[in-house]
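The values are calculated or read from the model by the stated rules, or taken from the named source; none is laboratory data. Computed from a predicted structure; not experimentally measured. Heads up, the Cβs are rebuilt from the backbone with ideal geometry, glycines too, and the neighbour counts pull from every protein chain shown. Surface accessibility is based on the protein's heavy atoms, side chains included, excluding ligands, DNA and RNA. Shrake-Rupley method; radii C 1.70, N 1.55, O 1.52, S 1.80 Å.
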Amino acid sequence: MKETKPIIVKAGNIEIGGSRRISVQTMWKRSLHIFSDEDLLEIKKLEEIGCDLLRFSVPDLKSAEILSDIKKSIKLPIVADIHFDHKIALKCIENGIDKVRINPGNIGAEWKVKEVLDFATVKNVPIRIGINTGSLPEKLINVEDKAQAMIMAAEEELEILEKNNFKNAVFSLKSSDMNATLKANRYFHEKYNNPLHLGITEAGPITAGIVKSSIAISELLKEGIGDTIRISLSDSPLQEVIAGREILKACGKSDYGVNIVSCPRCGRSTFDTHKFINEVYEDLYKIKKPIKAAVMGCIVNGPGEASDADIGITGAGKKAVIFKDGKIIAKVAENDSKELFIKLLKELD
Ligand code: SF4
């Protein structure tokens, strides 16, 4: 029977599990071997737009050392993603990495597993067991019901954890098949009290990936299942974080940050809303307070939406009209609108 007390794990300053805030994760998309100072700026940007945890693939000891140097320069909690080699896991834990994703079942001999779990216990580093239909243990590859295969793999990992008296673990059961993901997560949640990391794996390019992820994740979140999420896109970490934040907001699980109302444009448009949104996109997502921003194209719906928002802009003939708190603040040429809009936006945070 399921223990009623939820397990809560802590990765850096982020708690996962119980009724803690649902965190948003992403994954670094390049090799650590080519990490540069410019990449540090990209990580800072991820932090500013609300990323809670950042995961890196750590395939070798050199990568573990590079990750340790990165850790000294950033505040964002770091997750090391490790397969097969227990020495890399030990090195990451020793170097103060905040969380390790590893599947004990694929690191071999029992003594190696024990060494990693014991050291993680000493250092209070949580582990994520990541079950994925793309990398199931060989004996489960041919199980037709992929949800069942994921559950069997997760239960095998749980057994290893229990044998080593290790509780500080988050689980994920991910598939590119939405129904398999839903079924496996529902079953796991019903039976076990470990926090769940949700996601549709290899969900696709930006539009397809967000649609699939939104449908599956929102169903689970609405049932009270899920403690942290990652939207896996064939796109940038920045887009993954923004998608994650938007899903949480749309499900009523977060009121963090901006709600953007924007016009899709039609023949009436006198203001290039697409260009403007692209130019202010990151600034909008840096806002932490729950505000509404409207970017509108013409005088049909523009003044109504813009005046109803905390900050709004609309095309009106040859000018762009900027609203704040329902009042017109300025009428400017389109080319001069961005700077003033961003200045007013920052004042709202
Ligand atoms: S706000 Fe104006 S430009 Fe934008 S879609 Fe509506 S009618 Fe068209």
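Brief remarks follow.
- The Rg/Rh ratio of segment 1-97, with both radii computed over alpha carbons and Rh defined as the Kirkwood radius, is 1.01.
- Dipole of segment 9-250 computed with +1 at Lys/Arg Cβ and -1 at Asp/Glu Cβ about the Cα centre; of 121, 50, 86, farthest Cα towards the positive end is 50.
- Calculated log₁₀ intensity ratio I(q)/I(0) where the Debye formula runs over C-alpha points of segment 212-313, q = 0.20, 0.23 Å⁻¹: -1.05, -1.18
- Here segment 291-345 is treated as an ellipsoid with the same Cα gyration tensor; its semi-axes, largest first and in whole Å, are 14, 14, 8.
- Heavy atoms of residue 69: accessible area, 1.4 Å probe, square angstrom to 10: 90 Å²
- Loop-resident GluC sites (Glu not before Pro) (DSSP state other than H, G, I, E or B) in segment 114-168 with no more than 16 further Cβ atoms inside 10 Å of their Cβ: 144.
- With Cα atoms, 0 to 90° folded angle of helix 146-163 axis to the chain main axis: 60 degrees
- Student exercise, segment 91-131 dipole from Lys, Arg, Asp, Glu Cβ charges, in Debye to nearest 20: 140 debye
- Taking the charge dipole of the chain about its Cα centre, with +1 at Lys and Arg Cβ atoms and -1 at Asp and Glu Cβ atoms, the residue from 306, 215, 335 reaching farthest to the positive side is 306.
- When only the Cβ of Lys, Arg, Asp and Glu is charged (+1, +1, -1, -1), the dipole of segment 127-204 relative to its Cα centre reaches about 240 debye.
- Considering all different alpha carbon pairs of segment 119-175, the Kirkwood hydrodynamic radius works out to 12.0 Å.
- Taking every DSSP helix (H) stretch of at least 4 residues in the chain, weighting each as -39,500 (n - 2.57) and dividing the sum by the residue count yields a mean residue ellipticity at 222 nm of -13000 deg cm²/dmol.
- Amide H contacts for residue 99 (H built 1.01 Å from N in the peptide plane; partners 5 or more residues away or on another chain; cut-off under 5 Å): 78, 80.
- Karplus (6.51, -1.76, 1.60) ³J(HN,Hα), θ = phi - 60°, over segment 334-343, in Hz, Gly and Pro reported as x: 3, 5, 9, 7, 4, 4, 5, 4, 5, 4
- Cβ-placed point charges (K, R +1; D, E -1), dipole of the chain about Cα centre in debye, nearest 20: 700 debye
- Of the residues 252, 158, 14, the one whose Cα sits farthest toward the positive end of the charge dipole of the chain, with +1 on the Cβ of Lys and Arg and -1 on the Cβ of Asp and Glu, is 252.
- Probe 1.4 Å - accessible area at residue 151, Å² to nearest ten: 10 Å²
- Karplus-derived 3J(HN,Hα), 6.51/-1.76/1.60, for each residue of segment 200-207, Hz, glycine and proline x: 9, 7, 6, 6, x, x, 3, 5
- Under 14 Å from the Cα of residue 114 - aspartates and glutamates, other chains or at least 8 residues apart: 85, 157, 159, 162
- Excluding exposed DSSP-loop trypsin sites (Lys or Arg not before Pro) (at most 16 other C-beta within 10 Å), longest clean stretch of the chain: 168-264
- Pairs exceeding 28 Å between alpha-carbon atoms, taken from 10/174; 10/289; 75/327: 75/327.
- Summarising the label geometry, the points placed 7 Å from Cα in the beta-carbon direction at residue 265 and residue 33 lie 4.2 nm from one another.
- The modelled label-to-label distance for the pair residue 62/residue 94, using points 7 Å beyond Cα in the direction of Cβ, is 1.9 nm.
- Average projection area in nm² (convex hull over Cα atoms of the chain, one quarter of hull surface): 18.9 nm²
- Taking all protein chains as they are arranged and a probe of 1.4 Å, the heavy atoms of residue 189 leave approximately 60 Å² accessible to solvent.
- Between the Cα long axis of helix 110-123 and the first principal axis of the chain there is an angle of about 50°, rounded to the nearest 10.
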